[in-house]
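Written out below as structure tokens is the structure these notes cover.
The values are calculated or read from the model by the stated rules, or taken from the named source; none is laboratory data. None of these values were measured; they are calculated from a predicted model. Here the Cβ positions follow ideal geometry from the backbone for every residue, glycine too, while neighbour counts run over all protein chains shown.
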Amino acid sequence: MRGSVVGTAVTLAAGALLTAAMTTATASPPATATTPPAPAGARQPVLVDCLWHRTVRPGDFILACGDGNSRLTGLHWSQWGPHGATAVGVNMVNDCKPYCAAGSFHAYPVTVRLDVAKPWKKHPGVQHYTRMSLTYQKDRPEGFQQVMTYPLWD
């Protein structure tokens, strides 16, 4: 009995540490050195993350904020403007087998498309992207379509 309690405690602690580490990664400042200056009078839309931070051309982005089991990494942006943004990168997805804390992460190359820029409710003077589409280039997670579209936080 005691062995199973200790094993459960270790598993829960490992899951908490993984979640804390992935959440902390989102809080780090975004890399914006590659962002070209906006034309005079134009405003760059932003990408809002689950901690309500706004970023432009982030290098990574957490999709599954509650548990960190899906995140975009190695993002390289070729376009960022009022009509949309495009990047290539990798979607790291936990297979959660046999359960998420013991699962394995798998890398899936994707093309990321952001669009539908609208005023952000939290800061109406700021335009933010409200939709993200991921196009899987080859393999994709079990149960996913080749193109997955998600609403973004407002």
Contact list please: Cβ distance under 6 Å, first residue in the range 43-66 and of a type outside the set (Val, Ile, Thr), second residue surrounded by 18 or more Cβ atoms within 10 Å (Cβ to Cβ) and in a loop (DSSP other than H, G, I, E, B), pairs at least six apart or on different chains. Pro58/Pro30
Gly125 passes all but one of (1) part of a loop (DSSP other than H, G, I, E, B); (2) more than 17 Å from Ile62 (Cβ to Cβ); (3) touching a residue at least 60 places away in the same chain (Cβ under 8 Å); which number fails? (3)
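Quick check, is Thr111 modelled with pLDDT of 95 or more, in contact with an Asp or Glu (Cβ under 9 Å, 6 or more places away or on another chain) and either within 18 Å of Leu63 (Cα to Cα) or in a loop (DSSP other than H, G, I, E, B) (or both)? Break it down into steps so the answer makes sense when it comes.
Numbers: modelled with pLDDT of 95 or more: yes; in contact with an Asp or Glu (Cβ under 9 Å, 6 or more places away or on another chain): no; either within 18 Å of Leu63 (Cα to Cα) or in a loop (DSSP other than H, G, I, E, B) (or both): yes.
No, not satisfied.
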Please state which of the following conditions Ala102 fails to meet, knowing it meets all the rest: (1) within 28 Å of Gln44 (Cα to Cα); (2) over 19 Å from the mean Cα position of the chain (by Cα); (3) among the small types (Gly, Ala, Ser). (1)
Hey, can you tell me all the residues within the range 134-153 that are over 14 Å from Ser70 (Cβ atoms), without any contact (Cβ under 8 Å) to a residue 24 or more places away in the chain and under 16 Å from the mean Cα position of the chain (by Cα)? Val147, Thr149, Pro151
For the range 56-69 the number of residues that are surrounded by fewer than 18 Cβ atoms within 10 Å (Cβ to Cβ) and of a type outside the set (D, E, K, R) is 4
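Given the criterion in a loop (DSSP other than H, G, I, E, B) and in contact with a strand residue (DSSP E or B) (Cβ under 9 Å, 6 or more places away or on another chain), identify the matching residue among Ala64, Ala85. Quick ask: steps written out before the conclusion?
On the way: Ala85 fails: in a loop (DSSP other than H, G, I, E, B).
Just a single option satisfies the conditions, and that option is Ala64.
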Filter the range 98-154 down to the residues that are among the polar types (S, T, N, Q) and closer than 19 Å to His83 by Cα, then identify the one that is surrounded by the most Cβ atoms within 10 Å (Cβ to Cβ). Thr130
